[in-house]
Each structure stands twice: as C-alpha cells, then as structure tokens.
Amino acid sequence: MVRVVLYVLVALLGLAVVGYFTVAAPIADARYNRVRAEPPYDASARAEALHDTLMVADLHNDLLLWPRNPLQRYDRGHSDVPRLREGGVGLQVFAAVTQVPWGQSYQGTAAGSDQIPYLVAAERWPLRTWTSRLARARYQARKLRRAVGRGEGLMLLRTQADLDTLLAGREENPNAMGTLLAVEGLHALEGTVANVDTLVADGYRMMSLTHLFDNALGGSSTGIEKGGLTDFGEAVLERLKKNDVTIDLAHASEALIDDVLARTSEPVVVSHTGVDATCPSPRNLSDRHVRAIAKQDGVIGIGLWEKAVCGPTAAATAEAMAHVADLVGAKHVALGTDYDGTVLAPFEAGGLPLLTEALLEEGFTPREVEQIMGGNVARVLRRTLPSAEENE
Ligand SMILES: [Zn+2]
C-alpha cells in the first residue's frame, strides 16, 4: 500500500514537472494577452481602402517574451508576423522585457522581485537567461534575428540606409516588413555601461532607461521614488548618444523625462503611452511633456490597451491621439500598441483597420492618418538611426 502511494506521488510530481515545462508558458501567454473582440473584424469600406495604402509603424510589441515562433500564426495573444501583415504593419519595433516584479502597481512598484525567471524557465530558454537580465535581452535579439533570417520579406533595421531600403521595397512588395529591436529598461545592462555596446552589436537600436520600477539609471513613472537621472544613468545616456541609440521615454518618471530632455537635442520617442488629459494615470504623459517632446521633433506612441487610454477601444486610442494632435500637431502622434505586453487590447493586429476607421471618425484627414499610423515614425527614425554600420 505504501509503495502504491509512493508511485502515485512520484507520477504526479513527474506530471507537474512535464506540465511546467510544456503547457505553463502557453497558458500564461493566453491568459495575459487577451483581446476584447476576436476576429474577424469589419471596418468601413472607406477605412479599409485607406488602410490598404498605409505602412503601419508600431513602436512597441512584446511578442519576443512569449512561447511563440514570430513567423507562425497562433490563435492566442495579439500578434505574430502573419497577423501583423494582415493589419498592414510594415515597421514593427520589438522590445525585450528583462525584469517584471511581482505585485506591480501604478501606485508604486518595488524593484526587488522578478517573475521573468519562472516564465523563461517554463519556456526552456538557455540556463543563463534564468539569472541574467543581459542574457535575456541578448536571447530575445537572437530570437528575432533568427526569424528575420528565415522569414520572407523581413528585415532588421540597423541603419538609415536599411530604412530607405525598406521604404523602397514596400513600393514593390507590400509584404516587406522592417523590424527594429528595443530594450524596455536598462537594468538589462546589469550595472555596466559598456554593455550598451554589446546590445547595440546585437542589433538593438531603441532603448528606454527604466521600466516598471526605479533602477540604477533613474526613476520609473510607476516606481517608489520616481527620481531623476542618476550619475550612472548620465554615463549610460552619453553612451547611448555615442551609439546613435534612439531614446525612448516610455515608463520614465517626470523627473527623468526632464533630465533626459535637458541633455539631448535629438528627437526622442515615447514608444507606448497614454495622456493624462484623456486618461489620468501616473503612467501617462502630461501636456507639458507632450509639448517638450514635440519641440525636439519627437513622437508620442499612443497605446492600444485599456489602461493607457481608459478603455479597450479604438475610439479611446483615437481620442488620445486627437488630444496630442490638437496640442502639438499630428506630426508628433504615433502608434505604440503594446501588443503582447500583458494587456487587454480591443482587437488583434489583424484588426488595425478599425483604428484607421476611428481616426477618420475623430476627424483626421487621410494624410494625417498616414502620418500617425506610420509616416511620423519613419521620419524620426530616418534621423535617429545610425547613418552607417559601425558595430558589425
Ligand atoms: Zn511597457
């Protein structure tokens, strides 16, 4: 009898281990990356016709964190290359997340803990990624580079010339898609300024200083102290400028935004955000910062998720975009969906024509819609990307 109980216990333990390393990550993926409405999606004929002419550029997507091959179509989560193409996306920024504390809140998130080891272990990523945030970023870059190497019409944007090649290529092949690597929070440097060079050599071209919590560089909009740039942050910022890395102020505290803007005259991006005026939140931009970013010819990527715009609807996103456009002009408005960023989205990537429809309903002209949905991002990257490859 005792022996039978023992066998059963061992079998159950074996099942739990097998389950953890096979189905746990896909279950988490499906649970955290939900949509309000499943496909198929129906936009108006006018919106569809305009959308077909657009090159959509999305400033933020967290797909690389999840147990999905970017090239394959899935029925969970928000995006993959087939669904992005369906939505007209021609330029996609993929961000690497490297630390997510337990119990995050908009009121204040402490830096101490981390959920990512459990996720990457369940996904059977290489052992070093279980403990190293730098290794997690490097692994995600490899994952994208591998997909780009195998996927038809895909390219990784490293220079201004690459962007020109993409834009010219899309004239002939609407399936051509540029991808760009970004890091969400430079705790990924693990305290070493020179690791900026490592990430740049891996292909990273856009970086935000902080993510959900205050780190060694400065304050997060959802941190505890929400401070400005530290001495280490200042040294990193200089290294980013030297490497022509595009600076992303998403998730930065107000003091950090002020400190960074005071130290750079280049355009910056806020890759995924909402605005206080339509959705008050510590995570969202004030009118003062919208103006300051526009003054440096930067762009503000408005999010497509519930908490950024106070509602999982295209209309709520269009309303936030209209606020920024009223304040500083449509040329500073962009899209930063945060697809697959553990958010509730109104629709999957294939539903993006519905956003074009909401923008038309908001009163934007077709020319403004073209700028907002992609043209503005292309303009800024045309200026901020390195002019020649120096790190190959
Ligand atoms: Zn984010």
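The values are calculated or read from the model by the stated rules, or taken from the named source; none is laboratory data. Remember, predicted model here, so these are calculated numbers, not experimental data. Please note: Cβ atoms are built from the backbone with ideal geometry, for glycine as well, and neighbour counts cover all protein chains shown.
Only one of the listed residues (Arg283, Arg288) is in contact with a Ser or Thr (Cβ under 6 Å, 6 or more places away or on another chain) and either more than 28 Å from Asp162 (Cβ to Cβ) or within 16 Å of the ligand (Cβ to nearest atom) (or both). That residue is Arg283.
Out of curiosity, is Asn61 within 16 Å of the ligand (Cβ to nearest atom) and either of a type in the set (Ser, Thr, Tyr) or out of contact with any strand residue (DSSP E or B) (no Cβ under 7 Å at 6 or more places or on another chain) (or both)?
Judged against the criteria, Asn61 is not a match.
Taking the stated definitions as given, is Gln72 away from the ligand (no atom under 16 Å from the Cβ) and surrounded by fewer than 19 Cβ atoms within 10 Å (Cβ to Cβ)?
yes
Scanning the stretch 205-224 for residues that are within 15 Å of the ligand (Cβ to nearest atom) and of a type in the set (Val, Ile, Thr) yields Thr210, Thr222. Out of the stretch 258-294, which residues are under 18 Å from His323 (Cβ atoms) and part of a helix (DSSP H, G or I)? If the condition is that a residue be under 18 Å from His323 (Cβ atoms) and part of a helix (DSSP H, G or I), then Asp287, Arg288, His289, Val290, Arg291, Ala292, Ile293, Ala294 are the ones that fit.
Is one or more of the residues making up the stretch 216-223 surrounded by fewer than 18 Cβ atoms within 10 Å (Cβ to Cβ) and in contact (Cβ under 8 Å) with a residue 12 or more places away in the chain? Yes, there is a match, as at least one residue in the stretch 216-223 is surrounded by fewer than 18 Cβ atoms within 10 Å (Cβ to Cβ) and in contact (Cβ under 8 Å) with a residue 12 or more places away in the chain.
Checked against the criterion of being more than 18 Å from Val93 (Cα to Cα) and either away from the ligand (no atom under 16 Å from the Cβ) or surrounded by 24 or more Cβ atoms within 10 Å (Cβ to Cβ) (or both), the candidates Leu229, Leu240 yield just one match: Leu229. For beta carbons closer than 6 Å, sequence separation of 6+ or different chains, a first residue in the stretch 96-122 that is buried (at least 18 other Cβ atoms within 10 Å of the Cβ) and a second that is in a strand (DSSP E or B) and of a type in the set (A, V, I, L, M, F, W, C), the qualifying pairs are Ala96/Val183.
Is it the case that Glu254 is closer than 24 Å to His332 by Cα and either out of contact with any Gly (no Cβ under 6 Å at 6 or more places or on another chain) or within 16 Å of the ligand (Cβ to nearest atom) (or both)? So Glu254 passes the test.
Name the single residue that is farthest from Ala147 (Cα to Cα) among those in the stretch 78-111 being of a type in the set (Gly, Ala, Ser) and within 16 Å of the ligand (Cβ to nearest atom). Once the filter is applied, the top-ranked residue is Ser105. Restricting to the stretch 292-330, name every residue that is under 20 Å from the mean Cα position of the chain (by Cα) and not aliphatic (A, V, I, L, M). Within the stretch 292-330, Gly298, Gly301, Gly303, Trp305, Glu306, Lys307, Cys310, Gly311, Pro312, Thr313, Thr317 meet the criteria. Mind checking which residues of the stretch 108-134 are part of a helix (DSSP H, G or I) and of a type in the set (A, V, I, L, M, F, W, C)? Within the stretch 108-134, Ile116, Leu119, Val120, Ala121, Ala122, Trp130, Leu134 meet the criteria. The residue pairs whose first member lies in the stretch 243-256 and is in the same structural domain as Gly223 (by TED's automatic domain parsing), whose second member is within 16 Å of the ligand (Cβ to nearest atom) and part of a helix (DSSP H, G or I), and whose beta carbons are closer than 9 Å, counting only pairs six or more residues apart or on different chains, are Leu249/Leu256; Leu249/Ile257. Among the residues of the stretch 265-272, is any over 19 Å from the mean Cα position of the chain (by Cα), more than 15 Å from the ligand (Cβ to nearest atom) and in the same structural domain as His60 (by TED's automatic domain parsing)? Yes, the stretch 265-272 contains a residue that is over 19 Å from the mean Cα position of the chain (by Cα), more than 15 Å from the ligand (Cβ to nearest atom) and in the same structural domain as His60 (by TED's automatic domain parsing).
Look at Leu261 and say whether it is closer than 22 Å to Asn215 by Cβ and of a type outside the set (Phe, Trp, Tyr). So Leu261 fits the description; yes. Being over 24 Å from Thr342 (Cα atoms) and buried (at least 17 other Cβ atoms within 10 Å of the Cβ) is a property that Val196 has.
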